[in-house]
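Worksheet for the structure shown next.
The values are calculated or read from the model by the stated rules, or taken from the named source; none is laboratory data. None of the values given here were measured: they were computed from a predicted structure. In this analysis, Cβ positions are derived from the backbone assuming ideal geometry, glycine residues included, and neighbour counts consider all displayed protein chains. Quick note on the areas: whole protein, heavy atoms, side chains included, nothing else; ligands and nucleic acids left out. Shrake-Rupley method; radii C 1.70, N 1.55, O 1.52, S 1.80 Å.
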Amino acid sequence: MADGGQGAWDRAELLSLFDPRTGVLDRRVLSDEAIYRLELERIFARSWNFICHDSHIPQTGDYFVSYIGEDQVIAVRDEDGGVNILLNTCRHRGNALCRAEQGRAKSFVCSYHGWNYGLDGRLIGVPGQKAYYRDALDRSRLGLVRARAESCLGFWFATLAPDAPSLHNFLGDVGRTGLGMVCAYGEVEAIDGIQKNVIGCNWKIAVDNLFDWYHVPYSHASAQSAGFFDISKILHPKNQMVMLGEYGHAIGGPGIPQERQDQIDAMSDEERDAASRAAPPNTPRIRPRQARDLMGPVGVRSEGHPNIFPNLWITMSGLQMCLRLPRGPSKTELWWFTFVPKAAAPPLRQSMVGQANHVFGPAGLLEQDDGENWSQSTRASRGVASRAVGQYIGMGLGQDQATAGDDGEHYIESCIGEHGQRWLYRAWTEWIAARDWAELKANHTPPPTGLV
């Protein structure tokens with residue numbers, strides 16, 4: 001692969017890093033520094049990235065610090081009630097303005113030389129403007145860099161690309177289904193505190209694992225032995241459903257058969273609630289009727305894991321969301337958010353938080369297993385001989401049918417397979433091969449129908 005600037009990259013070579021016809025992934029994508037730099041430019045800076053939720057910044061001056069790739073940003077509620085997403089770097093010498101992860105401020109003052117910025121990013125004060133700059137400083141040209149910010153169902157996203165489509169169009173059916181899963185039981189709010197931990201793996205392995213239900217009985221056998229869950233109730237052999245969306249969004253995991261969903265559709269919310277209370281432990285709750293409007297007629301049948309490309313995982317039927325933040329080609333920082341319905345009674349709220357703490361995240365039973373596997377897979381991609389051996393992601397390739405629903409959703413119903421992983425890496429190659437949004441729109445693969 002060529003080194004150098006943007007013009008040195010060969011489009012065909014980038015597309016060849018994953019072959020969707022064979023399911024073979026070039027291991028360089030997990031460890032190569034040059035590829036990683038290109039990801040920051042062509043994926044993270046270009047994509048819509050989840051930043052925070054309305055409940056993180058409810059009042060004027062409330063702020064929340066997050067990332068677009070490795071660019072740190074501040075999401076802040078301004079005096080007009082709007083949300084601004086600003087690069088957290090002073091225009092003078094580049095110092096970080098905001099050191100706290102979350103809080104409330106009237107303005108942002110740089111601790112280096114005292115430059116002061118308003119909640120809208122305008123430069124509103126400069127010490128010594130008259131005495132030292134001799135009134136030659138044009139503050140109107142030195143405000144903080146603003147990202148484009150849009151929201152869906154109270155979830156704020158940002159992009160650094162002026163030519164990106166609207167968030168609504170970027171998310172498409174599958175992305176909106178994923179966010180609808182979080183809000184299926186009503187308006188939600190974030191639990192205070194984000195669980196954060198770093199794993200020595202490439203961010204893409206942490207993403208593609210969410211589609212992987214093949215590993216559950218092996219990686220998480222200890223959870224089965226401890227009685228934490230019953231694997232036989234998770235791995236429904238023929239009840240797996242994968243939804244494939246525009247630009248790499250996908251959902252993978254157990255699905256509700258259409259016959260059962262028809263029965264649920266005929267039930268009132270009261271009947272659904274009673275059936276959920278009478279179900280055995282660890283049985284997914286039946287969603288209320290409003291969930292169909294939020295998730296669509298196909299999406300409402302999903303009990304799997306959505307990923308909003310590139311790196312936002314939604315799990316536990318919407319209880320948790322996780323950002324897989326890149327920290328170099330061989331390191332990923334995981335941010336776990338927990339959301340509960342605003343109307344949840346205290347006992348239910350406490351139960352949901354306890355479940356979130358014990359399943360995923362740094363204290364969770366499952367992700368400790370996963371992290372070991374991800375780090376070893378990443379490490380193996382750095383060896384001279386090892387990196388020359390491709391990863392084979394071919395389970396179910398050419399053996400299943402993709403169907404288009406009446407509302408345009410594309411989905412596959414079958415047994416466990418690797419359709420979600422292949423869709424992720426196919427989209428990934430198209431993102432890094434495209435020089436701008438116009439090229440990506442013109443050349444990305446639409447969700448398929450027929451044999452996949």
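R46 passes all but one of (1) in contact (Cβ under 8 Å) with a residue 40 or more places away in the chain; (2) surrounded by fewer than 22 Cβ atoms within 10 Å (Cβ to Cβ); (3) among the charged types (D, E, K, R); which number fails?
Of the numbered conditions (1) in contact (Cβ under 8 Å) with a residue 40 or more places away in the chain; (2) surrounded by fewer than 22 Cβ atoms within 10 Å (Cβ to Cβ); (3) among the charged types (D, E, K, R), the odd one out for R46 is (2).
Let me confirm something: among G361, G354, which residue is in a loop (DSSP other than H, G, I, E, B) and either under 26 Å from L30 (Cα atoms) or open to solvent by 10 Å² or more (accessible area, probe 1.4 Å) (or both)?
That would be G361, the only listed residue that is in a loop (DSSP other than H, G, I, E, B) and either under 26 Å from L30 (Cα atoms) or open to solvent by 10 Å² or more (accessible area, probe 1.4 Å) (or both).
Any idea which residue in region 266-288 is farthest from G405 (Cα to Cα), counting only those that are loosely packed, with under 15 Cβ neighbours inside 10 Å and modelled with pLDDT of 95 or more?
A274
List the pairs whose first member sits in region 167-180 and is at pLDDT below 95, whose second member is open to solvent by 10 Å² or more (accessible area, probe 1.4 Å), and whose Cβ atoms are under 6 Å apart, counting only residues at least 6 apart or on separate chains?
none
What are the pairs, 6+ residues apart or on separate chains, where a residue within region 308-332 that is at pLDDT 95 or above and surrounded by 22 or more Cβ atoms within 10 Å (Cβ to Cβ) has its Cβ under 7 Å from a residue that is of a type in the set (G, A, S) and part of a loop (DSSP other than H, G, I, E, B)?
F309/S47; P310/S47; P326/G69; P329/S31
If V298 satisfies every condition in (1) under 26 Å from the mean Cα position of the chain (by Cα); (2) open to solvent by 30 Å² or more (accessible area, probe 1.4 Å); (3) farther than 30 Å from I68 by Cβ but one, which is the exception?
Single failed check for V298: (2).
Looking at region 151-176 only, could you name the residues that are in a loop (DSSP other than H, G, I, E, B) and open to solvent by 30 Å² or more (accessible area, probe 1.4 Å)?
Of everything in region 151-176, those that are in a loop (DSSP other than H, G, I, E, B) and open to solvent by 30 Å² or more (accessible area, probe 1.4 Å) turn out to be L153, L160, P162, D163, S166.
Condition test on R382, is it part of a loop (DSSP other than H, G, I, E, B), of a type in the set (D, E, K, R) and farther than 27 Å from K238 by Cα?
Spelling it out, R382 is indeed part of a loop (DSSP other than H, G, I, E, B), of a type in the set (D, E, K, R) and farther than 27 Å from K238 by Cα.
Can we say S386 is open to solvent by less than 70 Å² (accessible area, probe 1.4 Å), over 23 Å from I308 (Cα atoms) and touching a residue at least 24 places away in the same chain (Cβ under 8 Å)?
Answer is yes for this residue.
Inside region 177-265, counting only helices (runs of 4 or more DSSP H) that do not spill past its ends, which hold 1 or more residues that are surrounded by fewer than 18 Cβ atoms within 10 Å (Cβ to Cβ) and of a type in the set (S, T, Y)?
Those helices (runs of 4 or more DSSP H) span 216-219, 221-225, 231-234.
Tally the residues that are of a type outside the set (G, A, S) and more than 14 Å from I51 (Cα to Cα), restricting the search to region 136-153.
7
Residues that are open to solvent by less than 20 Å² (accessible area, probe 1.4 Å), on the phi > 0 side of the Ramachandran plot and at pLDDT 95 or above: does region 131-149 have at least one?
Checked region 131-149: no residue is open to solvent by less than 20 Å² (accessible area, probe 1.4 Å), on the phi > 0 side of the Ramachandran plot and at pLDDT 95 or above.
Select, from E413, E372, the only residue that is closer than 23 Å to E259 by Cβ, acidic (D, E) and within 24 Å of the chain's Cα centre (by Cα).
E413
Name the residue that is farthest from P310 (Cα to Cα), counting only residues in region 408-452 that are in contact with a Pro (Cβ under 7 Å, 6 or more places away or on another chain) and open to solvent by 30 Å² or more (accessible area, probe 1.4 Å).
The extreme case among them is C415.
For region 397-452, which residues satisfy the criterion of being part of a helix (DSSP H, G or I) and either among the charged types (D, E, K, R) or without any contact (Cβ under 8 Å) to a residue 24 or more places away in the chain (or both)?
Scanning region 397-452 gives R422, R426, E430, E439, K441, A442, N443.
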